[in-house]
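In what follows, a single structure is set out as structure tokens and then discussed.
FYI, it's all coordinate maths here, none of it is from the lab. Everything numeric in this text was worked out from a predicted model, so none of it was measured. Every residue, glycine among them, receives a Cβ derived from its backbone with ideal geometry; neighbour counts consider all protein chains shown.
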Amino acid sequence: MSDAVTLPRFPAQKGRRTRGRTWWAQRWVDDVEQAALDSDTLKRGRAYARGGLVGPLTFTAGLVSADVHTDEESLHVRIRVDQLDERQ
């Protein structure tokens, strides 16, 4: 992916499942959960997502980023991933 793609902020979701609904989204969630260094941070991130506090997601080659705004803090979150070549 050479150009950035930005998805709009996801709305708050009350009582709805926030995990991926497609196979690839579920796989992404599973991989992020397995790579998480701190389960408390992961739980807090889920709560932010359900609460609609995660800003637009921006995808570029090897990077996903978003801003998170709570009453206590503002964060710029980045997730770096290895890029795969055509063969992979």
Evaluate segment 40-59: report whether one residue or more is of a type in the set (S, T, Y) and surrounded by 13 or more Cβ atoms within 10 Å (Cβ to Cβ).
yes
Of the numbered conditions (1) of a type outside the set (D, E); (2) at positive phi; (3) touching a Ser or Thr at 6+ places or on another chain (Cβ under 8 Å), V68 fails exactly one; give the number of that condition.
(2)
Restricting attention to segment 9-29, does a residue exist that is free of Cβ contacts under 8 Å to residues at least 60 places away in the same chain, of a type in the set (V, I, T) and in contact with a helix residue (DSSP H, G or I) (Cβ under 7 Å, 6 or more places away or on another chain)?
yes
For segment 19-68, name all the residues that are under 15 Å from L7 (Cα atoms) and among the polar types (S, T, N, Q).
T58, T60, S65
